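Novice: This is the structure I want to talk about, given as structure tokens.
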Amino acid sequence: MKNRIYLDYAATTAKEVGNPSSIHQEGVKAKKKLETARRKTAAFFGARPEEIIFTSGGTESNNLAIFGAIGAGGHAITTAIEHSSILECFRELEKRGVKVDYLPVNGEGILELKTLEKALRPNTALVSVGYANSEIGAVQPIREISKILSDSVIFHTDASQALLYLNCEKETLGADLITVDSHKIYGPFGVGTLFIRRGVNLKSLMFGGGQENGLRPSTENLPAIIGLAEALKLAKKNREKESKRLVSLRDFFITEIEKEIPEAILNGNRQVRLPNNINFSFPNVEAEFLALRLDAAGIAVATKSACLKNERESYVIKALGGDSRRATSAIRFSLGKDTKKSDLEYTIRILRKLLKNLTMLCVLS
């Protein structure tokens, strides 16, 4: 029939897409599209399609990885600078009887291997260390970490911030579980994925269907999943060229800030950081006040993770060994595909002007 009659609106009202779990033509077509997207996503990790689970985003992937890997009792390890979607999971695990070590990082935000080695116990079941920190861009030695863990330890890393710039293939990282968030790579909102190495068994957090190997029982968000697969493909294609461009802009901005505003403190290692991440503390200036003044001048920056709404200071900056003044005066400048050198030059001029005026006001008061 050229014109089909669709009488399966209970399965999905998205007629042009179809429900991948349905057996009619629309459903079969949707299933093929879903599995094509899964193969493309798996290719990004150098993985098998069956090792890919689609979720609603990075937060859900982190929850599934952590709660799915360890239940009540046992021992787990993470770091003090992880994203809130990881730290809050571990705090909940502590309430369930799991012993958790929140490891410190060094003054540049890097987890030292000897610190991790000392924390490992015979009953350690899970280690979760983010590939790259969202606030200060610090890149962790994920491959080296994987080498010191025994086969009995499940190793999880949130790679959401690293996907555009760093190699995330499973053999490069050596992780058992890898979190992806689509909207961090110019993909659709509301979708993510979790790579689950073959042989790693996770417990489902949700019930009600068999989708995604029973680990994510919900009708798949097919348009978003297709968008995620394409975004990953483009990320891999453009990674080397874009990283090189952004490193040049990043280093220019850091050098100019240090020259024009010598009291500024760079948070994180100058080189072992994401190509697009710059984080400075401007002592004696409230970060949120400065961010609002920059916003009024047409410049959008962040003071800490967007997921933290009620905390006045950055716990990530605090973990570097700085005092509260440093933690409450930190500004993150994160660059992207539309960032130009002229944008950074303008930002430096405005920053210098704002800080000069604020200093004068403090003197007069």
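The values are calculated or read from the model by the stated rules, or taken from the named source; none is laboratory data. Every value quoted in this text rests on a predicted model; they were computed, and no experiment measured them. Note that we place each Cβ from the backbone using ideal geometry, even for glycine, and neighbour counts take in every protein chain shown.
Novice: Among the listed residues GLU220, GLU171, identify the single one that is farther than 21 Å from ALA69 by Cα and among the acidic types (Asp, Glu).
Specialist: GLU220
Novice: Further question on the same structure: Would you call SER128 closer than 30 Å to ILE331 by Cβ and in the same structural domain as LEU173 (by TED's automatic domain parsing)?
Specialist: Criteria met by SER128.
Novice: For ILE70, work out the one condition from (1) more than 20 Å from the chain's Cα centre (by Cα); (2) surrounded by 15 or more Cβ atoms within 10 Å (Cβ to Cβ); (3) closer than 20 Å to VAL129 by Cα; (4) without any contact (Cβ under 8 Å) to a residue 60 or more places away in the chain it doesn't fulfil.
Specialist: (4)
Novice: Given the conditions (1) under 30 Å from VAL191 (Cβ atoms); (2) at pLDDT 95 or above, report the number of the one that ILE70 does not fulfil.
Specialist: Here ILE70 meets the rest and fails (2).
Novice: Let me ask something additional. Taking only the stretch 84-119 into account, find how many residues are part of a loop (DSSP other than H, G, I, E, B) and within 17 Å of PRO141 (Cα to Cα).
Specialist: Residues flagged as part of a loop (DSSP other than H, G, I, E, B) and within 17 Å of PRO141 (Cα to Cα) within the stretch 84-119 amount to 9.
Novice: Under the condition of being outside any helix (DSSP H, G or I) and closer than 20 Å to THR172 by Cβ, which residue from the stretch 193-233 is farthest from the chain's Cα centre (by Cα)?
Specialist: If we take residues in the stretch 193-233 being outside any helix (DSSP H, G or I) and closer than 20 Å to THR172 by Cβ, then GLY199 is farthest from the chain's Cα centre (by Cα).
Novice: Then there's this: Restrict the check to the stretch 221-237 and report whether at least one residue is at positive phi and out of contact with any strand residue (DSSP E or B) (no Cβ under 7 Å at 6 or more places or on another chain).
Specialist: No, that holds for no residue.
Novice: Another question about this same structure. Of all residues in the stretch 11-34, which are in a helix (DSSP H, G or I) and either of a type in the set (Lys, Arg) or at pLDDT 95 or above (or both)?
Specialist: Once the filter is applied, which keeps residues that are in a helix (DSSP H, G or I) and either of a type in the set (Lys, Arg) or at pLDDT 95 or above (or both), the stretch 11-34 yields LYS29, LYS31, LYS32, LYS33.
Novice: On to the next question. Run down VAL153, VAL180 and say which single residue is on the phi < 0 side of the Ramachandran plot, in the same structural domain as LEU64 (by TED's automatic domain parsing), touching a residue at least 40 places away in the same chain (Cβ under 8 Å) and in contact with a strand residue (DSSP E or B) (Cβ under 9 Å, 6 or more places away or on another chain).
Specialist: VAL180
Novice: Taking GLY268 as the residue in question, decide whether it is free of Cβ contacts under 8 Å to residues at least 60 places away in the same chain and not aromatic (Phe, Trp, Tyr).
Specialist: no
Novice: Would you confirm, using the coordinates I've provided, whether GLU82 is surrounded by fewer than 19 Cβ atoms within 10 Å (Cβ to Cβ) and either modelled with pLDDT of 95 or more or aromatic (Phe, Trp, Tyr) (or both)?
Specialist: no
Novice: Then there is this: GLY187: assigned by TED's automatic domain parsing to the domain that holds SER128, under 22 Å from the mean Cα position of the chain (by Cα) and in a loop (DSSP other than H, G, I, E, B), yes or no?
Specialist: Yes: the conditions hold for GLY187.
Novice: Quick check, is VAL98 more than 24 Å from MET206 (Cα to Cα) and surrounded by 14 or more Cβ atoms within 10 Å (Cβ to Cβ)?
Specialist: No; evaluated as a whole, the condition is false for this residue.
Novice: Suppose the filter is over 30 Å from LYS236 (Cα atoms), β-branched (Val, Ile, Thr), modelled with pLDDT of 95 or more and not in a loop (DSSP other than H, G, I, E, B); does ILE77 pass it?
Specialist: yes
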